[in-house]
Amino acid sequence: MGSLLRRYKTLTNGFSNHIKQRVSSNELLSPTITTTITTRFFSSSSSCKTPSCYFRGRTCFNNNNSFRGSLYKGLSGPLSRNMTTTASIMLSGREGLKSLVTAGPHAQKMIGIWLFGSAAWVFSMVVLGGVTRLTRSGLSMTDWKFTGGLPPLSEEQWLVEFDKYKQSPEYKRVNKGMNIEDFKFIYWMEYAHRMWGRGLGLIFALPFTYFLCKGFINVRLGLKLSGLFALGAGQGLIGWWMVKSGLEEPVSEYVEPRVSPYRLAAHLTSAFAIYCGLFWTAMSVALPEPPSDSVRQVLGAIKVQRLALPISLLVGITAVSGAFVAGNDAGRAFNTFPKMGDKWIPDGIFQLEPVTRNFFENTATVQLDHRILATATLLSIGGLWVATRKLDVHPRVRSLIRTTMGMAALQVTLGISTLLSYVPVSLGSAHQAGALTLFTLMIMLTHSVRKPSMIRLKTLGYVK
Ligand code: HEM
């Protein structure tokens, strides 16, 4: 916080001097400058007084902050409004997005590859976790050690593990009479999922230690990555906490043992958060500056950002609601589309007490929610595409919007196909991978429309 304040002060002082110099040389009062500013920013509705001011709240001089009084006494009307807009942009464009890597392009490349590789590993973990769940293998291992261990290596050891599984409610109620070969399959699936997670811990921690020792990583990146590492370790604990709920005897003898939908959703959400953190950080290392070839493209990106942020949140919420569909096995009910059975809204969606429980535990309600959220996601991404078609944006941003639109349509198609075919392993896993792909595209888009640095604005010729 202290360093943030210092940074803010330095920037504002620098800016204030810059403005003072320009005012004293009458530069800011010249009609040319006013016109330039007006056409560049004011005409594109960037008045700080409107909600559309991109930088509002952070540095806006129209707010009653200390800069306003000291800098703009005597300036009023359109000129002052235009200048304040300019000021906002100049201030919020940082003095150059500082590279997170401190040792030149080679280190930057190595760290970028390592972080993208780790994100890809998490992606594969999510898919493997989905396959483990869909093949009903997740409850085959009845104990857990943080560091893991070797799998059974002899027939005797396999029998010991199988005996332990035979005590579990899943064996007693669902898999009674299962033979050892089938048990070995579900055991290997769960074992692979757990060991893949531990492998991630290693491929993350070893290079991290190396880069730290070499001094390639700045403090900010070091803290971020330590946080992600802690989340990753926590993910193992959440996974076991989830599995434990499925090893407990269900309340009613008619209920199939399965993990708590809340814990499953927590496990999936945490996986998405780790993935998002890794991917975003990897992008920040590889591409510290957002793409833009002109000031108009910067303004275009600002508009895209306003839409992309809430849509990313919507994609995230839709994914979490999908976890509740999976956690309640709700994909094996109401296997029709667009209606649920012969109704648009099925009966009994609020039958549980209190009402909020229905959104997380009622098969009909969680599926209805997921359909509504998925439709809203598709429509908003479609809306983003339509709303930005005429906007001047960088070709990379344009192509990301189009790809995201295509992916959203594919994801909805996959979801419907999964539902209509009673959730086969192949489609269920493809649908899960599709959700993460859509999320990845939203991260890429949001990352590409960030604020450019001051240096970038200078090279674009906007700031002298
Ligand atoms: C933007 C659109 C969508 C997103 C982001 C999304 C995301 C997800 C996610 C993350 C899951 C959890 C997967 C798991 O944990 O294994 C899921 C499950 C599911 N989704 Fe979607 N979904 C979307 C659209 C749809 C649509 C339109 C349908 C069908 C009407 C649908 C039907 C299902 C079903 C049946 C499941 C449960 C599958 C299972 O049991 O493994 N989804 N969804």
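Being within 14 Å of the ligand (Cβ to nearest atom), of a type outside the set (D, E, K, R) and surrounded by 13 or more Cβ atoms within 10 Å (Cβ to Cβ) is the requirement here; does Ala308 meet it? So Ala308 fails the test. For the stretch 247-298, the tally of residues that are β-branched (Val, Ile, Thr) and either assigned by TED's automatic domain parsing to the domain that holds Ser321 or in a helix (DSSP H, G or I) (or both) stands at 6. For the subset of the stretch 335-347 comprising residues that are touching a residue at least 60 places away in the same chain (Cβ under 8 Å) and near the ligand (Cβ under 9 Å from one of its atoms), which member is surrounded by the most Cβ atoms within 10 Å (Cβ to Cβ)? Top of the filtered list is Asn335.
Matching residues to (1) more than 9 Å from the ligand (Cβ to nearest atom); (2) buried (at least 17 other Cβ atoms within 10 Å of the Cβ); (3) modelled with pLDDT of 95 or more:
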| residue | (1), (2), (3) |
| --- | --- |
| Ile372 | yes, no, yes |
| His394 | yes, yes, yes |
| Val397 | yes, yes, yes |
| Gln411 | no, yes, yes |
| Val423 | no, yes, yes |
| Ala435 | no, yes, yes |
| Thr440 | yes, yes, yes |
| Ile443 | yes, yes, yes |
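The condition of being aliphatic (A, V, I, L, M), in the same structural domain as Ile274 (by TED's automatic domain parsing) and modelled with pLDDT of 95 or more holds for only one of Leu206, Leu221, that being Leu206. Inside the stretch 374-392, residues that are within 16 Å of the ligand (Cβ to nearest atom) and of a type outside the set (Val, Ile, Thr) make up a count of 9.
Here Pro354 clears all of (1) more than 8 Å from the ligand (Cβ to nearest atom); (2) more than 18 Å from Leu268 (Cα to Cα); (3) surrounded by 15 or more Cβ atoms within 10 Å (Cβ to Cβ) except the condition numbered (3). Count of the stretch 230-271 residues, restricted to those that are within 15 Å of the ligand (Cβ to nearest atom) and either under 15 Å from Gly138 (Cβ atoms) or in contact (Cβ under 8 Å) with a residue 60 or more places away in the chain (or both), is 19.
The values are calculated or read from the model by the stated rules, or taken from the named source; none is laboratory data. Note that the structure is a prediction, hence the values are computed from the model and not measured. Counting neighbours? That spans all protein chains shown, and the Cβs are built from the backbone with ideal geometry, glycine included.
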